[in-house]
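Just so it is clear, none of the values below were taken in a lab; they were calculated from the coordinates. Predicted model only: the values in this text are computed from it and were never measured. All Cβ positions, glycine included, derive from the backbone under ideal geometry; neighbour counts span all protein chains shown.
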Amino acid sequence: MKKQIVSIAIGIVATLAVGVAKAQFKRAIDSTEIKIEELLKRMTLAEKIGQMNQYNGFWEVTGPVPKDGDAKVKYDHLRKGLVGAVLNVRGVENVRKLQAIAVNETRLKIPLLFGYDVIHGHKTIFPIPLAESCSWDLEAIEKAARVAAIEASALGINWTFAPMVDICRDPRWGRIMEGAGEDPFLGTQIGLARVKGFQGNNLAAPNTIAACAKHFAGYGFSEAGRDYNTVDLSHVTLHNIILPPFKALAKAGVATFMNAFNVVDGVPATG
């Protein structure tokens, strides 16, 4: 009888603890959403557009380049709140330098996102995604993404442009190595494993990074395997082959999506 009472008491305490944790988590989410809404109300149109600007960490290559080529101009943009993310920054010192400007010297103190292509490992290099997919070992694939997230987050990176869940059936396409190949079921399962590895159970944890499902949608079906080429798909193929991995990752809570760079039946994938 005493054992039953103790068991019931433990069960009640555990249930209450779970309930409290869920309530605290909901309050945290609500609080964050309120802060975001307040920020949006205070932001100018230029600042809102600025949050979509991504500068390259070396101030060239893929980022906008001022006409005079002066890096000072870009630092001025950052101080004005006209930059939302910086890509390819190497070294914690550089991350801290840029982040300090964002949180201390801008009007709204919105921190920067630091993105990097953590595709098949970071400091520790794993097989390319296509090779990993040949193993069908979802546990190992998730662990590889977990290791990559730990290493990348330690260097200040908080956003990776992976996993690529484009289904591709043409080996001529140069980017086929970045995905899981031709099968939507396998591609979906591997995408889910990698998202879990990158993001863990809590993106607020310091050793996690935001994943990115790419490229939405149809990028892997470019004609003749030529990158950025036209994509001509039937609705059956689009809905049964191309879209299922994206739907599954969205349901699993992948943090971000990257649009494709092609047209689908003459319509830009960007909408």
Here the gain from full extension of Thr237 to Leu203, 0.36 nm per residue of separation minus their alpha-carbon distance, amounts to 8.9 nm
How about Lys247: which aspartates and glutamates have a C-alpha closer than 16 Å to its C-alpha, ignoring those fewer than 8 places off in the same chain? Asp166, Asp183
C-alpha center-to-center spacing [the stretch 142-184, the stretch 189-264] in angstrom: 10
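Give me the dipole magnitude in Debye, nearest 20, for the stretch 106-152 about the Cα centre, with unit charges on the beta carbon: positive for Lys and Arg, negative for Asp and Glu.
Details: 5 positive and 6 negative charges, 92 e Å.
That gives the stretch 106-152 a dipole magnitude of about 440 debye.
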What do you get for trypsin sites (Lys or Arg not before Pro) in the stretch 69-172 restricted to DSSP loop and a cutoff of at most 12 other Cβ within 10 Å of the site's Cβ? Arg107, Lys109, Lys123, Arg172
Within straight cross-link reach of Lys143, meaning Cα distance under 19 Å, which aspartates and glutamates are found once same-chain residues fewer than 8 apart are removed? Asp117, Glu132, Glu151, Glu178
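Assuming 0.36 nm per residue, please report the length gained on full extension of the stretch Thr256 to Ala100 beyond their Cα-Cα distance.
On the way: separation 156, 0.36 × 156 = 56.16 nm, distance 2.44 nm.
Length difference between fully extended and current span is 53.7 nm.
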